[in-house]
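The values are calculated or read from the model by the stated rules, or taken from the named source; none is laboratory data. The shown structure was predicted, so the numbers you read here are calculated from the model rather than taken from an experiment. Using ideal geometry, Cβ is built from the backbone for each residue, glycine included, and neighbour counts are taken over all protein chains shown.
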Amino acid sequence: MKRALSYLLLALMILSPLLTPQLFKAHSTQFTANSDMDRLQQALQLASPQTQQCIECHLEETPGIVFDWLNSKHAWHKPADVAEIYEAIGYENYTIADKFQNYNYTVGCYECHGMFKEQNRPDIASSHFGFQIVEIVTLKDCSQCHMKEAMEISWTMHSFAALNAPLKPWYAKIVKYAKENNETDTMLPPVYQKTGTGIVDWPWYMQYASKLLNNPNDPEVQQFGTIYDYDFKTIVSPLYPASGVLNSTGIMWNTSYKNAYVYHACLECHGSLVVPYQNQGYRVLYWGWPSNGAGRVDPDGSLGTCTACHTRHSFSLEEARKPETCGQCHLGYDHPHIEIYEHSKHGIIYSTEGERWNWTDLPWRVGVDFRAPTCATCHMSTIADPNGTIVVYGSHDLRSRIVWDTLHFFTFPKPKWADFTQNAIIKGGNQLNGKGLKQSGVLPEGYQFRVDQAPQPGELAFPRIKSVIYTGELKQKRDTMKSVCELCHNSQWVDNYFTTYDQNLIDYNVTANYAFSLLKKAWDEGIQDPSNKIDEYMELMWYYIWHHDGRRWRHGAAMMGPDYAHWFGIVDTVMDKLGRMVSYYQTAHRIIELQNEIQQLQAQAGNNTQVQQQIQQLQNQLIQLQQRLQAMEAQIPQLQNNISSLKAQFENLDMNLSEVSQQTENLNKTVSGLNANVTALQNNVSKIQSTIDEIRSTAEEATAKAGRAGVALGIGVIGLIIAAIALGLAARKPA
């Protein structure tokens, strides 16, 4: 009945020009407001016949998607209308796919899901109610109209966010194999060749996904599998808490524990591997949940996705420009970008008056459309002066205005290529020294910098810090970002800001190098064990220095968040974590020295009382230092666990559950008995109350007849005696 009503509604909308307005409105009110249904009818008149058929079903099955589409630009524009966007942002080299050049319909369900780019991709549902469709629209599908944006996204860390993070153990295995077998050109994304010229994709994965779907016993499939074939808790990587401390606790012995947090934490932001595994004709079943992370790897070989920021199916420009969209991933202990922004001057202005800004203009005019920058303003948007003249051209390549990588162990210039795994395994990586970036055959000419010396003592100079001089591509990036700042700030203010910011990064590198050198010294001296690099005290402190506190220091300086640069940043980095590392190392080092001294004295002590006293004194010091060391380690809760006890608890868990179940059953019986007793007691109380009421009534009647107070008092006493007798009888009855 519901489906028939939906069919009738669609027919009425399509034929509405022949019908009275009253007839259409009478049916539309069953779904939503009249105005929305009127708009849907108008949009369907512009849509292709195929999209109209999609809406016919999905208006009932997924109405939320239908109305998201209705409120999008797609519902009202033909593919060729994208020219208006590129004209507004000053981009002249755009192209759209031939099939959309003279296309007469707007962009709807069929245009995205049925007119996909790669016709040999494995996840095509061949008989979806008369259509061939794909369920996941990919970066390459969007590129048919939005080639500029698709290319730029594919060059960035966003597109490699899954391969360089949650998918890294699996991907590193493939990269290593490709290098050893000289198959890098066929098995790996052509990241070096296509960056700056075309879409970086991964053709090997499209071929591999076909084998996974059609021939899972293929030797290549058996060799590499997918990331989901791993038990996440067994992967040793700083990206997974399963390594390090968690791997040293009893939790890992429980076979029920699977590290499923990876799906809701890592993959939500970084992206998943989409694996089609069964073709049912009308749909293809795939694994890769959740499929909304920035670095999603799709069955057609696409790396990255548009929908991480422009969510389905409205693909809103306003949504992508607002800082909350970036804040869904860029937040928390390790990179609190949204928190820093909210507490900065820029964020305060946005929170005060942002609801009044114009969020959809192209280009975006400073001072007219908005007053303070958001994330998109600084890193992506095409910005114009109040007259509409473009000052800074926009890009979806988020590296284009950023000089430094401030996420990793040490701060270094952001590389041209996003794929750190390939860069490290194949090209040998990049190294930072005092003069700048060493050329390792990877970086283009001119991609370098130098650090000038700080002013000499007695020299009049402001500020008294070093300056970083950029050339080549690094200078171009810095100048572009300065151009954004100078739309509101004068050039002297901007220069001073970046000079002091760069010095913060130099300061961090000095700190991080010292901390890491101390850790390596502890490894060399046997104070810490490098076999599992994130499970011991100094290793954990180092992890917090670069991954948490040091990032907050660097990012607080980058986004003008003073509290994050200071208290959450440098104070936690130096005073807390580095201070702990130094204290631990000195204590452990002294323990080793004392143990050696004691052994030497014991060898020569004999009956020498003085030497024996000296040994006793050293042993007392040793005990005190060992206790201090144990106290420091006890600050990490996981290291306090009694592992053998935990293991025994897990082994006895089933028996304990059975015992608890039996106890629960017995308790239920006891509760039932108590309920019966309570009911009986309530009945007795009711009877007693009734008896008392009768006695009181009799007494009042007798008092009225007697007319004398003495008689009334006597009757009252008799009543109380009778009530007491009744209560005694009730108490003798079994409950």
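A few remarks follow.
- Selection count where residues are of a type outside the set (A, V, I, L, M, F, W, C) and farther than 19 Å from His555 by Cβ, scope the stretch 483-514: 10
- Filtering Asp218, Asp201 for residues that are under 25 Å from Val262 (Cα atoms), of a type in the set (D, E, K, R) and in the same structural domain as Val275 (by TED's automatic domain parsing) leaves a single hit, Asp201.
- Enumeration of residues in the stretch 121-171 that are farther than 22 Å from Ile227 by Cβ, of a type outside the set (Gly, Ala, Ser) and assigned to a strand (DSSP E or B): Ile124, His128, Phe131, Gln132, Ile133
- No other residue among Ala150, Ala161, Ala209 is at pLDDT 90 or above, in contact with a Cys (Cβ under 6 Å, 6 or more places away or on another chain) and within 24 Å of Pro290 (Cβ to Cβ) apart from Ala150.
- Reported count of residues in the stretch 55-85, each being without any contact (Cβ under 8 Å) to a residue 24 or more places away in the chain, over 22 Å from Met147 (Cβ atoms) and among the charged types (D, E, K, R), is 1.
- Thr51 satisfies every condition listed in (1) polar (S, T, N, Q); (2) surrounded by 21 or more Cβ atoms within 10 Å (Cβ to Cβ); (3) without any contact (Cβ under 8 Å) to a residue 60 or more places away in the chain except (3).
- Subset of the stretch 100-120 [more than 30 Å from Asn214 (Cα to Cα) and not in a loop (DSSP other than H, G, I, E, B)]: Phe100
- Being among the hydrophobic types (A, V, I, L, M, F, W, C), within 30 Å of Pro276 (Cα to Cα) and outside the structural domain of Leu212 (by TED's automatic domain parsing) is a property that Ile85 lacks.
- Some residue of the stretch 170-183 being of a type in the set (Phe, Trp, Tyr), closer than 30 Å to Val262 by Cβ, assigned by TED's automatic domain parsing to the domain that holds Phe224 and surrounded by 22 or more Cβ atoms within 10 Å (Cβ to Cβ): yes
- Cross-chain or 6+ apart pairs with Cβ under 6 Å, the stretch 86-97 first and closer than 11 Å to Ile390 by Cα, then surrounded by 15 or more Cβ atoms within 10 Å (Cβ to Cβ) and among the acidic types (Asp, Glu): none
- Yes/no for Tyr333 being part of a helix (DSSP H, G or I) and either small (Gly, Ala, Ser) or touching a Lys or Arg at 6+ places or on another chain (Cβ under 9 Å) (or both): no
- Taken together, Val510, Val494, Val468 contain a single residue that is free of Cβ contacts under 8 Å to residues at least 12 places away in the same chain, within 24 Å of Arg551 (Cα to Cα) and of a type in the set (Val, Ile, Thr), which is Val510.
- Test: residue in the stretch 458-481 that is β-branched (Val, Ile, Thr), within 20 Å of Met559 (Cα to Cα), assigned by TED's automatic domain parsing to the domain that holds His548 and modelled with pLDDT of 95 or more: yes
- Residues that are part of a loop (DSSP other than H, G, I, E, B), more than 25 Å from Ala75 (Cα to Cα) and more than 15 Å from the chain's Cα centre (by Cα), drawn from the stretch 303-330: none
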